[in-house]
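Inspection log for the structure reproduced underneath, given as structure tokens.
The values are calculated or read from the model by the stated rules, or taken from the named source; none is laboratory data. The structure presented is a predicted model; accordingly, all values stated were derived computationally and were not measured. Glycine gets a Cβ as well: all are built from the backbone with ideal geometry, and neighbour counts include every protein chain shown.
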């Protein structure tokens, strides 16, 4: 948690986003912002529209209404790979690693947008392509050291245990050196120890690299501990927005999570 | 015992990233290439040229091409025969229109033409995947062969409808036509195969190769990382077609000499190359070579043993070969779906520890 988050320094803002699939309203008139350098949590019950929201930010879904502002500029209709170039990286709820490739290659692929060598120099290899490869390898090795995954550097990721795969996926997202990192349930399915490790990594990324982080998470303990601000969604609507304490005591949030008898 | 990496420490990333990180591999490959260039040309005769070396080299090149598309980028294609035909006809048109043009350039240009055709037929891959894409590429196979049969301009209005490779010299030595010496045609093909195998290896271990493999393994995640699917898929289609086009040009100019498209570049050729990479190993350059050699030489070997050795009648053996090869394909798919290249990798792992595996 950074104490230096400035109130008006907004990295990403979504304004009045509405998204529907046919007759299903996935998101209705949602607005919130993400400040530079903060850890922002998006929570809500299953089917609340959290992942849809990330997909909108990523460019997988295109909302029917609303505006997305990133880094002070309005973002128009963009494809996911263009969004990546703006500086938004992401991990997935169900691990989406490149299973046939080694840990190292997965992370190197994460640096795709940073690499420039053209087709011809790639064919020749010796020269610019090799220099670039070594240069990026050094950056990737730093991430490998940071995440403590040296021992699985050359292992095909398909053979790794679940917790390790999650960690490699975080590494791949870090490799892009993005401004905004979206984490879709980074701790889902982990045991306590793995969760603690992952929390540490998320906080370290935030503090050491200054990366802004938006995360979806179901573990309330984790969310309340590591995030600066929390936005709560339910049935595609925004229920609450504010500091963990405000959200925790919000009547509507308690209702949505615990359920109430309507008398 | 001798094959091991202990004591072979890498002290730089360049050393760690080389193609053959193990010293013994490097020595082995260097010896093979030196043997192929320096010794084989003096030993080669007509039989070895036409029945073994040329076809294996040319099919290896085609297999590398298809492996880039199918093995690395995950786009199944059944259009290989059609693309080989494009390479063959392009080389024919170039060399008859410009007889003075160096044959190396003719072959490279034919690859370029095929690359463009490949991009065109690769466009459906942006919308459809898997089996459906395979069917779409099947269309290219039939359309292209039909085109070369139908439009007389492609075969220079010859009465037979065939195309014939005219004699072309490089440095005063015939490389095509009936008078070409075996060593000349062999070296001509070998140069292409060695150079472009190295190029393929460089492409697949770098930025391009990783973008292809990313699309193959998880296209959504590839997009999130910044890989444009359009660019990755079409570059795979074009480079793959470039290789297949070169293979087609060599197949026609140097190996066959005369070509009738339906027979030389039929659908069976598309399947042959696909089997080569499946048996050899998807996503492996080495596998392309092993697969090509296996699929082409296995029938030759069986025939030699049964017809020449045991004196069986050739037509029975021809049928037997089909059954044996088919059986072997099934055997490999069940026992080792990652192909012979994977089998070789496992052997190497074992060899490193041999004879004390514990």
Seminar exercise, completed: When restricted to B:71, B:82, the only residue within 30 Å of residue B:258 (Cα to Cα), touching a residue at least 60 places away in the same chain (Cβ under 8 Å) and under 18 Å from the mean Cα position of the chain (by Cα) is B:82
For this session: Please enumerate the residues belonging to segment B:140-163 that are free of Cβ contacts under 8 Å to residues at least 40 places away in the same chain and under 25 Å from the mean Cα position of the chain (by Cα).
Result: B:146, B:147
For this session: Within segment B:77-94, track down each residue that is part of a helix (DSSP H, G or I) and surrounded by fewer than 24 Cβ atoms within 10 Å (Cβ to Cβ).
Result: B:93, B:94
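Conditions (1) within 14 Å of chain B (Cβ to nearest Cβ); (2) out of contact with any helix residue (DSSP H, G or I) (no Cβ under 8 Å at 6 or more places or on another chain); (3) surrounded by fewer than 18 Cβ atoms within 10 Å (Cβ to Cβ); (4) in a loop (DSSP other than H, G, I, E, B), marked per residue:
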| site | (1), (2), (3), (4) |
| --- | --- |
| A:20 | no, yes, yes, no |
| A:29 | no, yes, yes, no |
| A:60 | yes, no, yes, yes |
| A:83 | yes, no, no, no |
| A:90 | yes, no, no, no |
| A:105 | yes, no, no, no |
| A:108 | yes, no, no, no |
Exercise. Among the residues of segment A:115-133, which ones are more than 7 Å from chain B (Cβ to nearest Cβ), more than 15 Å from residue B:16 (Cα to Cα) and buried (at least 16 other Cβ atoms within 10 Å of the Cβ)?
Worked result: A:121
For this session: Please indicate, with yes or no, whether at least one residue in segment A:134-145 is more than 10 Å from every other protein chain (Cβ to nearest Cβ) and touching a residue at least 40 places away in the same chain (Cβ under 8 Å).
Result: yes
Seminar exercise, completed: Wholly inside segment B:131-249, helices (runs of 4 or more DSSP H) that include 3 or more residues that are surrounded by fewer than 18 Cβ atoms within 10 Å (Cβ to Cβ) are B:182-205
For this session: Could you tell me whether segment B:211-219 includes any residue that is under 24 Å from residue A:134 (Cα atoms), touching a helix residue (DSSP H, G or I) at 6+ places or on another chain (Cβ under 6 Å) and more than 8 Å from every other protein chain (Cβ to nearest Cβ)?
Result: yes
Exercise. Within segment A:92-103, which residues are at the interface with chain B (Cβ under 7 Å from one of its Cβ atoms) and over 17 Å from the mean Cα position of the chain (by Cα)?
Worked result: A:98, A:99, A:100, A:101
Exercise. Going by the structure shown, is residue A:54 surrounded by 16 or more Cβ atoms within 10 Å (Cβ to Cβ), under 19 Å from residue A:26 (Cβ atoms) and within 11 Å of chain B (Cβ to nearest Cβ)?
Worked result: yes
Exercise. Among the residues of segment A:146-163, how many are assigned to a helix (DSSP H, G or I) and at the interface with chain B (Cβ under 10 Å from one of its Cβ atoms)?
Worked result: 2
Exercise. What is the one condition in (1) away from every other protein chain (no Cβ under 14 Å); (2) buried (at least 19 other Cβ atoms within 10 Å of the Cβ); (3) within 25 Å of residue B:291 (Cβ to Cβ) that residue B:72 does not satisfy?
Worked result: (1)
Exercise. Can you find a residue in segment A:67-81 that is under 30 Å from residue A:159 (Cα atoms) and touching a residue at least 40 places away in the same chain (Cβ under 8 Å)?
Worked result: no
Problem set entry | Which numbered condition residue B:300 fails, given (1) over 24 Å from residue B:48 (Cβ atoms); (2) modelled with pLDDT of 85 or more | (1)
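For (1) modelled with pLDDT under 90; (2) farther than 18 Å from residue B:43 by Cβ; (3) facing chain A (nearest Cβ under 9 Å); (4) touching a helix residue (DSSP H, G or I) at 6+ places or on another chain (Cβ under 9 Å), each residue gets a yes or a no:
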| site | (1), (2), (3), (4) |
| --- | --- |
| B:167 | yes, yes, no, no |
| B:187 | no, no, no, yes |
| B:192 | no, yes, no, yes |
| B:195 | no, yes, no, no |
| B:203 | no, yes, yes, yes |
| B:209 | no, yes, yes, yes |
For this session: Please work out if residue B:46 is under 30 Å from the mean Cα position of the chain (by Cα) and either surrounded by 10 or more Cβ atoms within 10 Å (Cβ to Cβ) or modelled with pLDDT under 85 (or both).
Result: no
Problem set entry | Inter-residue pairs, beta-carbon under 6 Å, first within 18 Å of residue B:296 (Cβ to Cβ) and in segment B:306-321, second part of a loop (DSSP other than H, G, I, E, B), 6+ apart | B:306/B:312
